[in-house]
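One structure is given below, encoded as structure tokens.
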Amino acid sequence: MVLLSYALQLFTATYLSSVLAKAAHSEPRSTLTSNLGPVVNLGWVLLCATSSLQFMRAFHSYAAYAGNATLPGITFYGGIPYIKPPVGLLRFAPPQPLDESPKPSLSNNDVVDARNWGPLCIQQPAVVGIGSEDCVTLNIWTPSNATSQSKLPVYVYIHGGGHYYNSAQGFPANDWVARSNGGLIAVAIQYRLGLLGYLSGSAIRRNPTSGPNNGLLDQRAALEWIQRNIAAFGGDPTKVTIGGERLNDMGGGSVTLHLTAYGGEANPPFRAAVIESPGNDPFYTTDHTEQCFGNVTKQVGCDSALDVVFCLRKASIGAIVSAVNNKPSTCKYEPVIDGDYIPDITTKMLAAGNFTKVPILAGHTAQDGSIFVGTPASIVTDADIVNAILKRYPALSQATTDAMLVTYPPASSTTPWTTQWERAMYAYMESELACWDYYIGNISGKPAFNYRWDAPDPNLLASRGAYVGAAHTSELFYLYDGTNSGPSAFVAQPVFTVFDPSEDALARQAVAWWSSFAQTLDPNTFAAAGSPTWQPASDGGFMVAALGTTSSAPSSVMALRTDDYPRRCAWWRSVGTDLRL
């Protein structure tokens, strides 16, 4: 039986290797020849302009995409594939490159309609919806007058969502391009999520045609595609900044993982990073991922198959979705230590200096732990505080939690917390999120800028309650069009849809800072008029982004760390490998 299983696995590996080499590129977009917007031609031959095509560009690669020029001065190109669709026998395979061999000619019939978003990736249904497996695409916003000679800086956004939900559609970047005065190109990527992106187990690791961490590797493949092709859209591949928000463990967490990839790289596919709520990545143990893998194979009916991976690839998408829907609450499909792209625990790699040193803009919100530790009524005793932290870090010993209560003493006139709930919130926030932007900003040896976001997201206040304050992700309301995020945002509104002038003013200030950093590696270069000068983290300061109180002008100020924050962060770093799941 062992020999038969090995023979079947070898046959499957040989067959799939052939599939990987020969699988044709399948476009998720239709080809249209009428009423198209600007076209980026990634082929050898310049297409003749027609009345239905506003302009063409010729570059040395493989395809042509027609964009959407609905917004004045901005062209949107949506749903562009950057790897072969990970479907069928490519399910659970690492990202496979497209055939980018230059074509001898392209006709109007070859122009792919890229005027809209591609499909969502399959989500956890209880959160967003089902989506599609053929979803691994990216979206590009460019100044409409950009050419292959423009060599503009590029900002690449990696959405968050706990590794199991969300998409690029919630983060329209048209406003970034509009406010950069034609000086920036923005990209938002999609990648495999949940079970399809992060399934791990011994069978996955043993099979030569599959592997863990495919969602993260998709992101890397997108960055490599950008290196090869962004010049066609007017971008400079040597001036790429990556960024993301750690929304339930992803986005900002992904950015940090790209910084620590391979233990640090001399020549990464980016030159700078923006990390909104960078965080600790605890990682599940091998035993835990094996249990979750076994649950999937059993639900799909592959637990007794001779080749489990082959069986999972042949399973219907309905069976896969059912497995996602019915997973145990303890099972999460997230990045795991693979000894390659993720060599070790993030905290250990940062402490050892094993990460890519690039300029960084990083920060957190003022109450970044508020939505994770329960309500104020649920945190009354020291035991409540310990239980709130153990839910995130169950491996912490009693000695460590006892030391934590000393590090975070009861509220007094010298502590920034005034209640037991705030004490728990600070412990969670600093262990999981806030300490890492401070830490990275002080050890990279490159220019680094820290912030604390004090302005709440009014949507979160309305849905969660006023107690959450400036909760996790609050800055996204201001950075990505306020209430106007969603599938049609890039054509619906070229301006922020916020609730009052003070929110709009802070949004303008923030986008100017972020886009200025992406363009020049300095948030001050193109800062909005009246903005305070952003001092580097090495000076011990951080920008406090705050709403105005009596006028539309923001109240943002530079501040110095005056409480015991650095000492508390040093203690969390000393905890080290205990910070895992």
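The values are calculated or read from the model by the stated rules, or taken from the named source; none is laboratory data. Just so it is clear, the model here is predicted, and its values are computed rather than measured. Don't worry about glycine lacking a Cβ; one is built from the backbone with ideal geometry, like all the others, and counts go over all protein chains shown.
Results, tabulated for the structure shown:
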quantity	calculated
T147 out of contact with any strand residue (DSSP E or B) (no Cβ under 9 Å at 6 or more places or on another chain), within 22 Å of P38 (Cβ to Cβ), in the same structural domain as I317 (by TED's automatic domain parsing) and modelled with pLDDT of 90 or more	yes
Flag if A203 is under 18 Å from I320 (Cβ atoms), part of a helix (DSSP H, G or I) and in contact (Cβ under 8 Å) with a residue 60 or more places away in the chain	yes
Any hit, region 264-276, residues being in a helix (DSSP H, G or I) and β-branched (V, I, T)	no
Subset of region 199-258 [closer than 30 Å to V39 by Cα and of a type in the set (K, R)]	R220, R228, K239
Candidates I158, I204, I185, filtered to the one that is among the aliphatic types (A, V, I, L, M) and under 17 Å from the mean Cα position of the chain (by Cα)	I158
Within region 155-175, tally of residues that are farther than 14 Å from S254 by Cα and hydrophobic (A, V, I, L, M, F, W, C)	3
Test: T241 is of a type in the set (S, T, N, Q) and modelled with pLDDT of 95 or more	yes
Filter result for the condition that a residue is surrounded by 23 or more Cβ atoms within 10 Å (Cβ to Cβ) and at pLDDT 95 or above, over G235, G253	G235
Selection count where residues are surrounded by 20 or more Cβ atoms within 10 Å (Cβ to Cβ) and among the charged types (D, E, K, R), scope region 304-331	2
Evaluation of T70 against (1) in a loop (DSSP other than H, G, I, E, B); (2) modelled with pLDDT of 75 or more; (3) surrounded by fewer than 22 Cβ atoms within 10 Å (Cβ to Cβ) (one fails), failing number	(2)
Residue within region 40-47 that is touching a Lys or Arg at 6+ places or on another chain (Cβ under 8 Å) and either modelled with pLDDT of 70 or more or within 27 Å of L193 (Cα to Cα) (or both) present	yes
Odd one out for G264 among (1) more than 12 Å from the chain's Cα centre (by Cα); (2) small (G, A, S); (3) crowded, with 24+ Cβ neighbours inside 10 Å	(3)
Residues within region 159-177 that are in a helix (DSSP H, G or I) and at pLDDT 90 or above, tallied	3
Residue, farthest from V373 (Cα to Cα), within region 261-292, restricted to residues that are of a type in the set (S, T, Y) and at pLDDT below 95	T286
Hey, P416 at negative phi, out of contact with any strand residue (DSSP E or B) (no Cβ under 6 Å at 6 or more places or on another chain) and surrounded by fewer than 16 Cβ atoms within 10 Å (Cβ to Cβ) or not	yes
Sole residue being more than 23 Å from E290 (Cβ to Cβ), out of contact with any Leu (no Cβ under 8 Å at 6 or more places or on another chain) and assigned by TED's automatic domain parsing to the domain that holds F293, chosen from G318, G363	G318
Residue within region 475-496 that is of a type in the set (A, V, I, L, M), assigned to a strand (DSSP E or B), surrounded by 15 or more Cβ atoms within 10 Å (Cβ to Cβ) and at pLDDT 90 or above present	no
Residue within region 96-106 that is under 30 Å from G253 (Cα atoms) and among the hydroxyl-bearing types (S, T, Y) present	no
Residue list for region 99-120, filter: more than 26 Å from Y165 (Cβ to Cβ) and in a loop (DSSP other than H, G, I, E, B)	D99, E100, S101, P102, K103, P104, S105, L106, S107
Any hit, region 267-278, residues being assigned by TED's automatic domain parsing to the domain that holds W141 and among the small types (G, A, S)	no
Residue in region 81-99 that is in the same structural domain as A178 (by TED's automatic domain parsing), modelled with pLDDT of 95 or more, among the charged types (D, E, K, R) and closer than 16 Å to I226 by Cα present	yes
Condition broken by G170, with the remaining ones in (1) of a type in the set (G, A, S); (2) within 29 Å of P328 (Cα to Cα); (3) in contact with a Cys (Cβ under 7 Å, 6 or more places away or on another chain) satisfied	(3)
Unmet criterion (only one of (1) touching a helix residue (DSSP H, G or I) at 6+ places or on another chain (Cβ under 6 Å); (2) of a type in the set (V, I, T); (3) over 30 Å from T238 (Cβ atoms)) for I275	(3)
Residue within region 336-347 that is crowded, with 23+ Cβ neighbours inside 10 Å and among the polar types (S, T, N, Q) present	yes
Region 522-553, residues that are in contact (Cβ under 8 Å) with a residue 60 or more places away in the chain and either closer than 29 Å to T401 by Cβ or touching a helix residue (DSSP H, G or I) at 6+ places or on another chain (Cβ under 9 Å) (or both)	D522, P523, F526, W534, P536, A537, S538, F542, M543, A545, A546, L547
